Amino acid sequence: MAATTTVEVPHLGGIKAGYALSGGAYDPAKPTCVLINSMCTTVSLYKTQFADATLTGALNLLAIEPLGHGATSCPTEHFTYWDTAIMALQVLDKLGIDKAYALGTSQGGWMVARMALLAPERIQGLVLLGTSMDYESADSRAKGCWDPKTLLSPFFEKWCSPTPTPDFVVDDVWCGMVATLGFGAAGTAELVSFWTETLKDVYKGDEGRKKLKMALACLLDRDGLLRRVRDITCPVYWIQGTDDVVFGSQVPAEQIKLFTSSKEATLTMAEGGNHYLNATNPKEVASTLLELVRKYQ
């Protein structure tokens, strides 16, 4: 489900950011990793990582729900991925965390990259999972990436309403897409049921509709980072699944080479991995994160 804990930060006039912190409190003796979830999911996407005693023994895990997701809310209807990056950095401030590693799944990859650009002195390393640093350009589509504007724009139009919609509940088709595109063959009936229930709880009523509409607008209208990632200086460990139906394998292989200022930039292909690699390939993700931290802490 969504986060049960929130913290208020000043960006956009006062955001309430939903988050989960392993152990329930920040341990300054351990390094910290921020985890940013994928489209329409919540901190629950990282339940396997929170249940991994090796990970939580070595790190503070801080999962933060982006704007438009989970328990996170703000007084303005409009926001971008840059706003979520600023919000996440302010959550670190509020929790007294000076520096952190950052891991992002799918859209979370775009947000943690923005965090590294905005605060290079604070982000110690990135783990990117099943993502792309481009917007959904014609070049990306020609190289095997999906076409979300064609696929998803009808949903956006359906969620626009000039009058309040107090009875709104996100439909089963959207819930099913979140699960099937993300988890692929690993999307069991139990998993699909969990995320359907979660989405219907988060995206209901007029506020839920607006929240969902803007989460999708962020995806459809986002800016690419291909001209910016050369300025990211921290190490970057990118994992891409060979069965990722959203971004494929060609684009990550090209884009990892654009991190020319990073201390280290590597791409690992996870055999049989799907889009939400932290859920479908948790062992590979955990070992990669621990390797990064041990090498650069």
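Answer rounded, prolate or oblate for region 1-44, using the Cα gyration tensor with square roots of eigenvalues a ≥ b ≥ c: rounded when a/c is under 1.5, else prolate when a/b is larger than b/c, else oblate. Judged from the Cα gyration tensor, region 1-44 comes out oblate (a/c at least 1.5, b/c at or above a/b).
Peptides 100-106, 176-182: what's the order by average Cβ count within 10 Å, highest mean first?
100-106, 176-182
The residue among V170, F79, P10 whose Cα reaches farthest toward the positive pole of the charge dipole of the chain, with charges on the beta-carbon of Lys, Arg, Asp and Glu, is P10.
Karplus-based coupling profile of region 5-15, in residue order and whole Hz: 10, 10, 9, 8, 10, x, 4, 6, x, x, 8, with θ = phi - 60° in 6.51 cos²θ - 1.76 cosθ + 1.60 and x standing for Gly or Pro. Converting phi to 3J(HN,Hα) with the Karplus coefficients 6.51, -1.76 and 1.60 and the offset θ = phi - 60°, region 162-170 yields x, 10, x, 10, x, 9, 5, 9, 4 Hz in sequence order, with x at every glycine or proline. Our summary gives region 128-220 a relative contact order of 35 percent, counting only alpha carbon pairs under 8 angstrom and 6 or more residues apart.
Charged side chains reduced to their Cβ positions (Lys and Arg at +1, Asp and Glu at -1) give the chain a dipole of some 540 debye around its Cα centre.
Electrostatic bookkeeping for T6 treats Lys and Arg as +1 and Asp and Glu as -1; over the other residues with beta carbon under 13 Å from its beta carbon, the sum is 0. Calculated FRET efficiency, E190 to E254, Cβ-Cβ distance, R0 = 35 Å: about 0.45 to the nearest 0.05. Of the residues I123, V202, A179, the one whose Cα sits farthest towards the positive end of the charge dipole of the chain is I123 (charges of +1 on Lys and Arg Cβ, -1 on Asp and Glu Cβ, taken about the Cα centre). Let me check I've understood the local charge: for N274, count other residues with C-beta under 9 angstrom from its C-beta, Lys and Arg +1, Asp and Glu -1. What total comes out? For residues surrounding N274, the net value is -2.
Computed over the chain, the convex hull of the alpha-carbon atoms projects to a mean area of 13.9 nm². Note that region 227-236 has calculated 3J(HN,Hα) couplings of 8, 10, 5, 4, 8, 7, 9, 6, x, 10 Hz, one per residue in order, obtained from phi through the Karplus relation 6.51 cos²θ - 1.76 cosθ + 1.60 (θ = phi - 60°); glycine and proline are x.
For the chain, what does the relative contact order come out to in percent, with C-alpha contacts under 8 Å and a separation of six or more?
Working: 620 pairs, mean separation 60.2, N = 297.
Reported relative contact order: 20 percent.
Size estimate for region 1-75 follows the Kirkwood approach: the inverse of mean 1/r over distinct Cα pairs works out to 12.6 Å. Using the Cβ of D167 as centre and a radius below 11 Å, the other residues enclosed give a net charge of +1, where K and R count +1 and D and E count -1.
Remark: region 38-181 carries a charge dipole of roughly 320 debye about the Cα centre, counting +1 on each Lys and Arg Cβ and -1 on each Asp and Glu Cβ. Computed from point charges on the beta carbon alone (+1 for Lys and Arg, -1 for Asp and Glu), the dipole magnitude for region 143-270 about its Cα centre is near 560 Debye. For region 52-186, the alpha-carbon coordinates run over 43, 39, 31 Å along the three principal axes, in decreasing order. For region 1-158, the relative contact order comes to 23 percent (Cα pairs under 8 Å, sequence separation of at least 6). Amide H to amide H, with H built 1.01 Å from N, N37 comes under 5 Å of I64, counting only residues 5 or more places away or on other chains.
A short reminder: the numbers here are calculations on the coordinates, not readings from a lab. From a predicted model like this one, the values you see are computed outputs, not experimental measurements. No Cβ is skipped: glycine too gets one built from the backbone with ideal geometry, and neighbour counts run over all protein chains shown.
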